[in-house]
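The values are calculated or read from the model by the stated rules, or taken from the named source; none is laboratory data. Every value quoted in this text rests on a predicted model; they were computed, and no experiment measured them. Glycine also receives a Cβ, built like all others from the backbone with ideal geometry; neighbour counts cover every protein chain displayed. Quick note on the areas: whole protein, heavy atoms, side chains included, nothing else; ligands and nucleic acids left out. Shrake-Rupley method; radii C 1.70, N 1.55, O 1.52, S 1.80 Å.
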There are 2 protein chains.
Amino acid sequence: MIKKDRERKGISQKEIARILNVSTATVSLALRNSEKVNEKTRVKVKETAELLNYRPCEIARSLILNKTWSIGLIIPCFSIIYYSELTDAIQKRFREQNYLIITLSADTPEKRKEAITVLLNRKVEGFILPKINPDELYWLKKEKAPFVLYDRPEDSDYTDYNFVCVDKFKGAYKATEHLIKTGYKKIGFLCEIRVDEPRKRGYIEALIDYGMKIEKEWIIPGAGYYKDGYNGAKEILKMKKRPEALVCLNDISAIGAIRAFQEENIKVPGDIAIIGFDNVKEGIYSLPLLTTVDQMVEKVADEITNLLIETIENNKKEKRQIIIEPELVIRESCGCEIKEKEGVTGKNNGGDEE
Amino acid sequence: MIKKDRERKGISQKEIARILNVSTATVSLALRNSEKVNEKTRVKVKETAELLNYRPCEIARSLILNKTWSIGLIIPCFSIIYYSELTDAIQKRFREQNYLIITLSADTPEKRKEAITVLLNRKVEGFILPKINPDELYWLKKEKAPFVLYDRPEDSDYTDYNFVCVDKFKGAYKATEHLIKTGYKKIGFLCEIRVDEPRKRGYIEALIDYGMKIEKEWIIPGAGYYKDGYNGAKEILKMKKRPEALVCLNDISAIGAIRAFQEENIKVPGDIAIIGFDNVKEGIYSLPLLTTVDQMVEKVADEITNLLIETIENNKKEKRQIIIEPELVIRESCGCEIKEKEGVTGKNNGGDEE
DNA sequence: TCCATTTTTTAAAACGATTTTAAAAAACGC
DNA sequence: GCGTTTTTTAAAATCGTTTTAAAAAATGGA
């Protein structure tokens, strides 16, 4: 039933051409301000288009031009603040370049594959993807669409892929170093379960570089959720020999830990210093304000945009790896600079939902 | 330059037809499992398609079928948690129905208009929009695309529009009532600056219904940001006659208020009870855990999906307004459990044992 | 074998644009 | 007025798919 709903269809160049008694070629050229049509005609066409509320059909353009100006972005979840901040940043940049970002959330390999397939069928010109596993990478390579990962792929020859990521090793190193320099001697780490996690290596290396002893018991595994921080802190409270500072794998678990300590009347900072990782908005809702490591969302978005657009428009084949250095954000939770009470005016105050 | 980049193009039905020496009609029908082609042919076509990694071109399908299976969703900002939760919920539902949600953020009328235009040119079949002003509504009406607002439009005959929203009046009423029933007599309200705000009316009406006095000074205006709650609390601390409970227009400002009180060693709850509005994830990061009013994101998403898909697929012209009743989420910040327990203990035992 | 059905296949048109080719119209010189 | 050059426009091809209507092939009955 091709012609059903005709009344809902908009007007086309053909219609304008019919009305003005010119050819569709003239209309097409006039609308794109071609020098090939004389001015009077051009003005007339544009006026009529305006009058009839003409909307160019991007679909038809895409088909003939073999260009969709769309990019697929896959994130694990919208409501994890880090990803929504990234989405915001990426979207803003691509829109400036006239590309449309289509964001889909998918948190398992299966869902990711499904989402990517949907987008491939829609002929997106490229993808921005989270860290994905080697199987997925292999599958993706068979498709012709270029992509940029926003984390470094593991267990693969990473020079085969475009990616942009922050140097988590260095971030954890800086965090640990900050605690050491502030004067803490006994430093624990709330780590990810995964063994060869760069953050963990950064923590350990900093301790080694500053000649400090590594206390196995103080490396507490978790998954990075609020409750992991909470439980980790409770774990610490059970120890005979407690650390006096704690590096956390992310802000959310750091906040969980803070809450657990406060519940038991352990002061943060004072009794224990805590440093997070991400610099996510939640950090400015916490009491004390969270000292953390900034993941540089804006910079990451910048690099992703440049890299992907260059790849698409110049049909670049070489892959590039961009690693961004994270920065320390010193607030209250490590107690080094308590006087600076600017919590209220911090980065993006969050806000009303309407 | 129509044929540039040919090497990047995928293979088409035409190509499959050429290889198998059949017509494109046969290929098209076979791929969609039509009964019109006999099984042998169908299998052959599908095998070949699989082998060549054929990807249907949704663009071409859209053009001929006049159907894009896409919906535009405009939100003010990704990184306000309420909107990302809504996005997640909406996206999930539409994907089940084979629609693609294209989410764009835009926080001013101009940006919204631009975003909507982009999506109109891409021929989305409908929109999901935030509360927009009458000018925008008027402009939108001229376009043929159906839309659903996820808040109630103001200053307009709202029966002209589809919308789905939570009953904020009732939410605020419930929040206030909860405080009253818990035993608080002096209740303040952190309100939006806007005069005829439903939440404010809910607060006032509850006070009236329970025969309580309205203390003008305790109605503190703000914009709903973290800092507004923070500043509002500081305001309260300056008063000679302070409220003993505070209804906040949203969770974020409630958390801001909590922080301000805690800074001055005012206990929440205990010295002052605080109730939020939204039931946003931040509420479970706070200490105390925030008692709040749930905005029912999942239900809102459900209703939006049903309403919009029905409008699109059945070409419904009548507009519908769906109002959802919010629910109280009782956690720690109003201390009701503690009070109730005390109350119950008192009544039952009249006793003075610990 | 032949005709009438039924099943299977296909050519051609359509969707809304862009681009190319070629022809028509206008401008110009002699 | 005619030939040549320049400007403008019309017509046709194209993109990848779906659909219609008609042709071709297979089947069945007499």
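Figures for the structure shown
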read-out	value
Efficiency of FRET from Cβ geometry, A:K131 and A:K234, R₀ 30 Å, rounded to 0.05	0.50
Percent carbon-and-sulfur accessible area, the stretch B:10-56, ignoring ligands, DNA and RNA, probe 1.4 Å	48
Dimensions (Å) - chain B, Cα atoms, principal axes, largest first	93, 49, 38
Per-residue average of Cβ from other chains inside 10 Å of B:67-78	3
Local electrostatic count, B:K170, Cβ distance below 11 Å [Lys/Arg +1, Asp/Glu -1]	-1
Percent accessible area from carbon and sulfur atoms, the stretch B:280-321, protein chains only, probe 1.4 Å	48
Between helix B:168-182 and chain B: long-axis angle, C-alpha atoms, 0 to 90°, nearest 10	30
For chain B, built as a Gaussian network whose Cα springs stay under 10 Å, the top-fluctuating residue of B:G183, B:G222, B:G202	B:G183
Hull-based mean projected area of the stretch B:10-56, where the convex hull spans the alpha carbons, in square nanometres	2.7
Per residue value of the accessible surface for the stretch A:1-141 (all protein chains in place, 1.4 Å probe), Å²	52
Solvent-accessible area lost in complex, 50 Å² minimum, residues of the stretch A:282-302 relative to chain alone, 1.4 Å	A:E282, A:Y285, A:L287
Magnitude of the charge dipole, chain A, Cβ model with Lys/Arg +1 and Asp/Glu -1, debye to 20	1340
Karplus-derived 3J(HN,Hα), 6.51/-1.76/1.60, for each residue of the stretch B:118-132, Hz, glycine and proline x	3, 6, 4, 5, 7, 6, 4, 8, x, 10, 10, 10, x, 4, 10
Shielding by other protein chains, A:102-108, mean Cβ within 10 Å	4
Around B:V37: net Lys/Arg minus Asp/Glu count, Cβ-Cβ under 13 Å	+4
Residues whose placed amide H lies under 5 Å from that of B:L73, excluding near-sequence neighbours	B:I102, B:T103, B:L104, B:I128
nm² value of the averaged projected area, convex hull over the Cα atoms of the stretch B:6-137	11.0
Long-range amide H partners of A:A273 with built H, under 5 Å	A:A245, A:L246
Ordering of B:166-172, B:203-209 by packing [mean C-beta count within 10 Å, highest first]	B:166-172, B:203-209
Neighbourhood charge, 13 Å Cβ-Cβ cut-off, centred on B:I309 and excluding it, Lys, Arg +1 and Asp, Glu -1	-1
Label point 7 Å beyond Cα along the C-beta direction, distances from A:E263 to other copies (nm, shortest first)	2.6
Values of log10 I(q)/I(0), in the order q = 0.11, 0.17, 0.21 Å⁻¹, for the stretch B:123-235 under a Debye, Cα-only, solvent-free model	-0.49, -0.89, -1.11
Label distances, nm, B:E50 versus same residue in remaining copies, Cβ-directed 7 Å point	5.7
Computed helical MRE - 222 nm, chain B, DSSP H runs ≥ 4 contributing -39500 (n - 2.57), nearest 500	-14000 deg cm²/dmol
On Cα atoms only, tilt of B:39-51 relative to the major axis of chain B in degrees	70
Cα pair distances exceeding 34 angstrom across the protein assembly as shown, given as percent	56
Mean separation of Cα contacts under 8 Å, 6 or more apart, over the residue count of chain B: relative contact order %	14
With every protein chain in place, the stretch B:130-207: carbon and sulfur % of accessible area (1.4 Å)	50
Size of the A/B contact, given as accessible area buried on both chains, probe 1.4 Å, in Å²	7100
Given charges at Cβ of Lys, Arg, Asp, Glu: chain B dipole, positive-most of B:L289, B:A17, B:V43	B:A17
Whole-Å distance, taken between Cα centres, linking the stretch B:264-278 and the stretch B:25-81	55
Check: the protein assembly as shown dipole with +1 on Lys, Arg Cβ and -1 on Asp, Glu Cβ, in debye	3100
Proximal lysines to A:K46, defined as alpha-carbon separation beneath 16 angstrom and excluding residues fewer than eight positions away on the same chain	A:K14, A:K36
Peptide A:258-265 - average C-beta neighbours from other chains (10 Å radius)	2
For A:I324, distant residues with modelled amide H under 5 Å away	A:C165, A:V166, A:D167
Heavy atoms of B:E39 accessible to a 1.4 Å probe, total area in Å² rounded to 10	120
Interface residues in the stretch B:109-123 - accessible area drops by 30 Å² or more relative to the isolated chain, probe 1.4 Å	B:N121, B:R122, B:K123
Hull-based mean projected area of the stretch B:34-73, where the convex hull spans the alpha carbons, in square nanometres	4.2
7 Å along Cα→Cβ, label-point gaps from A:P76 to other copies, nm, shortest first	2.9
Phi-based couplings in Hz for the stretch A:184-192 (Karplus 6.51, -1.76, 1.60; Gly and Pro marked x)	7, 10, 9, 10, x, 9, 8, 10, 7
GNM result for chain B, Cα springs below 10 Å: residue of B:T108, B:T87, B:T41 fluctuating most strongly	B:T41
